Every structure is written in structure tokens, then in C-alpha cells.
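**Q** I am attaching a structure below and will ask some questions about it afterwards.
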Amino acid sequence: MSHPECMYCTDDGRLDKLMIEIGPLSVSTLYLFKEQTYRGRVLVALNTHEREMFHLSDEVRNQLMNDVARAARAVDKAFKPGKINYGAYGDTMPHVHFHIVPKYEGGEQWGTTFVMNPAQVYLSDEEYAEVIAQIKAALE
Ligand SMILES: [Zn+2]
């Protein structure tokens with residue numbers, strides 16, 4: 001089944017404006033979120049189009065949660081945030097995905113929920129490559 005409305009299922013450039021693919025996990029794909037107010041922010045998107053977590057089999061859901069934990073562990077190891085937020089909303093793009101958002105003590109929204117897209121911190125291509133390299137090196 002194709003989902004032309006979904007940016008995770010359609011290669012039409014929408015996703016590329018927001019994220020850079022880091023690589024595959026077990027049942028999902030890891031992306032760097034281009035907006036880097038929260039240094040090291042990434043996103044894990046399921047490889048199949050599913051609207052809700054409870055639509056997944058136990059096996060796939062467990063693998064997905066392992067992927068999310070693995071990605072968060074890598075972000076934690078690479079950037080040493082004080083806390084990581086996990087955001088799974090899907091209001092505008094109903095395809096199961098998790099925002100993994102590192103928070104830093106004294107930094108933006110420390111102690112409260114992250115802003116979905118602050119639209120204030122973008123990096124150079126070299127800086128993106130460096131952040132991605134740090135995350136890849138920390139992925140276990
Ligand atoms: Zn989709």
C-alpha cells in the first residue's frame with residue numbers, strides 16, 4: 001500500500017528538508033533532525049507505515065522500542081545531556097516515529113517539554129556530518 005501523503009513513505013523531498021538519514025536500525029531508520037536547538041536531536045521512524053503503536057505486533061513494537069533505546073543511548077553517550085525527552089505525536093504525520101530530544105541543564109526548555117520546531121539553530125554541512133559521525137560512533 002502506498003501512502004503518498006506520508007513523508008516517511010514518499011521520497012519527494014519533504015523529509016530531506018527536515019532531517020538527514022543517519023542509517024538503518026532493526027525495524028526503523030535513524031535520522032538527524034536538522035533543527036539543532038537541542039544538540040544531538042534525532043528521530044526514529046518505523047520502516048512500515050503504521051498509524052498507531054498498538055497496531056504493531058508485539059515483536060515489531062519491542063524491536064522498535066529497542067531501536068529507540070539504542071538511539072537514545074548513543075545520543076547520551078555522544079553529547080552527555082542531562083535528560084532525554086521522547087516525543088511520539090504524529091498529529092501532522094501519522095506514521096509511527098519518535099523524536100529523541102536531548103536536554104541540557106540550563107539550556108533551552110530544561111525541565112519542561114521541548115519545542116517541536118524552534119526553527120533557530122541550523123548547522124553547516126560539515127557540522128551536520130560531525131554530529132552524525134559522533135552519533136554513529138556511539139551507536140552500539
Ligand atoms: Zn508512512
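**Q** Considering only the range 56-71, state which residues are surrounded by fewer than 20 Cβ atoms within 10 Å (Cβ to Cβ), of a type in the set (Gly, Ala, Ser) and within 12 Å of the chain's Cα centre (by Cα).
**A** Matches in the range 56-71: ALA69 only.
**Q** Conditions: (1) among the acidic types (Asp, Glu); (2) part of a helix (DSSP H, G or I); (3) out of contact with any strand residue (DSSP E or B) (no Cβ under 9 Å at 6 or more places or on another chain). ASP67 meets all but one. Number of the miss?
**A** Checking ASP67 against (1) among the acidic types (Asp, Glu); (2) part of a helix (DSSP H, G or I); (3) out of contact with any strand residue (DSSP E or B) (no Cβ under 9 Å at 6 or more places or on another chain), the one that fails is (3).
**Q** Taking the condition of being part of a loop (DSSP other than H, G, I, E, B), within 14 Å of the ligand (Cβ to nearest atom), out of contact with any Cys (no Cβ under 8 Å at 6 or more places or on another chain) and open to solvent by 10 Å² or more (accessible area, probe 1.4 Å), how many residues in the range 1-55 meet it?
**A** Count: 15.
**Q** State the number of residues belonging to the range 23-47 that are of a type in the set (Gly, Ala, Ser) and over 25 Å from SER2 (Cα atoms).
**A** 1
**Q** Also: Considering the range 83-131 alone, what residues qualify as being outside any loop (DSSP other than H, G, I, E, B), open to solvent by 30 Å² or more (accessible area, probe 1.4 Å) and either within 16 Å of the ligand (Cβ to nearest atom) or farther than 27 Å from PHE54 by Cβ (or both)?
**A** The answer is ASP125, GLU126, GLU127, ALA129, GLU130.
The values are calculated or read from the model by the stated rules, or taken from the named source; none is laboratory data. Since the model is a prediction, treat every value here as computed from it, not as a measurement. So basically every Cβ, Gly included, is an ideal-geometry build from the backbone, and we count neighbours across all protein chains shown. The accessibility values were calculated without ligands, DNA or RNA, using every heavy atom of the protein model including side chains. Shrake-Rupley method; radii C 1.70, N 1.55, O 1.52, S 1.80 Å.
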